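What follows draws every value from the coordinates through simple rules; no lab data is involved. Source: prediction; values computed, not measured. Here the Cβ is made from the backbone with ideal geometry for all residues, glycine too, and neighbour counts use every protein chain on show.
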């Protein structure tokens, strides 16, 4: 693993952690790194494990833009499916236990007419 100041350390797991590498202690870019964690702002010296990757600032920028684009697409899809503050998504399928929900949905549809 090689890094330079300004790169990002990303630790993958159930909750992905990201930190800005603010200091590299070795001349060849190998660990340990001094990292400022994005979620807490804390600074720590880190010896990354096998679940960690180093991402350049440019790679992180591209990944962030791609993520923002996905969020915008989901928000647009939700907006298209919302009418007058109510969801236009279909009623739950007919299954045992859904009868009351189905009746409520049908009543809403009738009242809107």
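Give me 37, 8 ranked fewest to most by other Cβ atoms within 10 Å of their Cβ, as a rough exposure proxy.
37, 8
Neighbouring Cβ atoms within 10 Å as the yardstick, rank 47, 33 fewest first.
Ranking 47, 33 by Cβ neighbours within 10 Å, fewest first, gives 47, 33.
Starting with the fewest neighbours, write out 54, 5 ranked by other beta-carbon atoms found within 10 Å of each beta-carbon.
The order, fewest Cβ neighbours first, is 5, 54.
Over the range 8-57, what is the mean sequence separation of C-alpha contacts under 8 Å (at least six apart), divided by residue count, expressed as relative contact order in percent?
37 percent
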